[in-house]
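Enquirer: Questions regarding the structure given below will be posed in turn.
The values are calculated or read from the model by the stated rules, or taken from the named source; none is laboratory data. From a predicted model like this one, the values you see are computed outputs, not experimental measurements. Cβ atoms come from the backbone with ideal geometry, glycine included; neighbour counts cover every protein chain shown. When the accessible area is computed, the model is the full protein with side chains, heavy atoms only, and any ligands, DNA or RNA have been set aside. Shrake-Rupley method; radii C 1.70, N 1.55, O 1.52, S 1.80 Å.
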Amino acid sequence: MKKFTVIGVYTDNGQVFANTEEAENSEQAIQASAAAVAEAGTDAEIIVAIEGEHFEGDTLTFPGECAVDVRTILEGI
């Protein structure tokens, strides 16, 4: 088993999340994360599974709580 970080977006509010899952491969990590989200009674869209355990503020940087338009990002430069 390996650790994977699964990144997705909650569909009700657009918030980005990163879940850590232990699985044999990335596809199983995505399935495990999807099952956990569904079990919690929420809906989400899964974006990617990255091998390893990653944390916001350490190895992951999100531009905001939700997806951020590129023009908004560029306005802040």
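Enquirer: From the phi angles alone, apply the Karplus equation (6.51, -1.76, 1.60; θ = phi - 60°) to the stretch 35-42 and give each ³J(HN,Hα) in whole Hz, x where the residue is Gly or Pro.
Expert: Result, rounded to whole Hz: 5, 5, 5, 5, 4, 6, x, 10.
Enquirer: So, one more: Can you figure out the FRET efficiency of residue 1 with residue 59, using R₀ = 22 Å and their beta-carbon distance, to the nearest 0.05?
Expert: Calculated value: 0.65.
Enquirer: Carbon and sulfur together cover what percent of the accessible area of the chain at a 1.4 Å probe radius?
Expert: 50 percent
Enquirer: If you don't mind, another one. Tell me which chymotrypsin sites (Phe, Trp or Tyr not before Pro) from the chain have a DSSP coil assignment and no more than 14 other beta carbons within 10 Å of their own.
Expert: Details: sites: 4, 10, 17, 55; in loops: 55.
Here the sparse-neighbourhood loop sites are 55.
Enquirer: Give me the number: length gained by fully extending residue 70 to residue 10, i.e. 0.36 nm times residue separation minus the C-alpha to C-alpha distance, one decimal in nm. Don't skip to the end; give the middle numbers.
Expert: Values: separation 60, 0.36 × 60 = 21.60 nm, distance 1.99 nm.
My answer for the length gained is 19.6 nm.
Enquirer: Below 8 Å between Cα atoms, with a sequence gap of 6+, how large is the relative contact order for the chain in percent? Walk me through the intermediate numbers first.
Expert: Values: 120 pairs, mean separation 28.0, N = 77.
Relative contact order comes out at 36 percent.
Enquirer: Per residue, how big is the convex hull of the stretch 25-77 when only Cα atoms are used? Give it in Å³.
Expert: So the per-residue hull volume is 112 Å³.
Enquirer: Give the residue list of GluC sites (Glu not before Pro) in the stretch 1-73 that are DSSP loop and have at most 13 other beta-carbon atoms within 10 angstrom.
Expert: Answer by residue number: 24, 65.
Enquirer: If you don't mind, there's one more thing I want to ask. Using the heavy atoms of the protein chains and a 1.4 angstrom probe, tell me the accessible area per residue for the chain in square angstrom.
Expert: Here the residues of the chain average 69 Å² of exposed surface.
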